[in-house]
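Here the structure is laid out as structure tokens; the discussion comes afterwards.
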Amino acid sequence: AILTHDDIRDACTNQNPLCAELALQGACTSNMNFMGKYCAPMCQMCERLWFEMKCGYEHNVDDDALRPGELNAMFERIANVEGDRNAISAPFHPKVHSRPLSNDDNSGEEDGPWVVTFENFLTDEECDHIIKLGFKQ
């Protein structure tokens, strides 16, 4: 997306009376999210106000992220780690709670969507840290 002068003039304004002071204190780098939203012109970050500029969104993309069968193949790789210590998901101990049946599956299991959990996705220390961060708020 190409920004016009009118786009910038109308949308990119300092929204906080302390923008200049905060910028002088280094907040443009230490608190980029706040400054990019409320003090964008002071920090020369007007482009951050447009989703297309931040995220590189392509309007005319014809390619799908995954082709038919690729999502199922990904889940199959995640689920079939038994005996393969080198599988990328092996350290996380994936547990399959539900899965679609294959065409040749006559196990009597019920057909369902893929539902997988990773039993060791985070360490105990990482979980404790996340809980502490959430508790402070």
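The values are calculated or read from the model by the stated rules, or taken from the named source; none is laboratory data. No experiment lies behind these values; they were computed from the predicted model shown. Positions of Cβ are generated from backbone atoms using ideal geometry, with glycine treated the same way; all protein chains shown enter the neighbour counts.
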Can you tell me how many residues within the range 113-137 are assigned to a helix (DSSP H, G or I) and either of a type outside the set (Phe, Trp, Tyr) or within 17 Å of residue 95 (Cβ to Cβ) (or both)?
12
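Considering only the range 1-86, give the helices (runs of 4 or more DSSP H) lying wholly within it that have at least 3 residues that are modelled with pLDDT of 90 or more. Quick ask: steps written out before the conclusion?
Values: elements: 5-11, 19-24, 27-30, 32-38, 51-55, 70-79.
Filter on the range 1-86 gives 19-24, 27-30, 32-38, 70-79.
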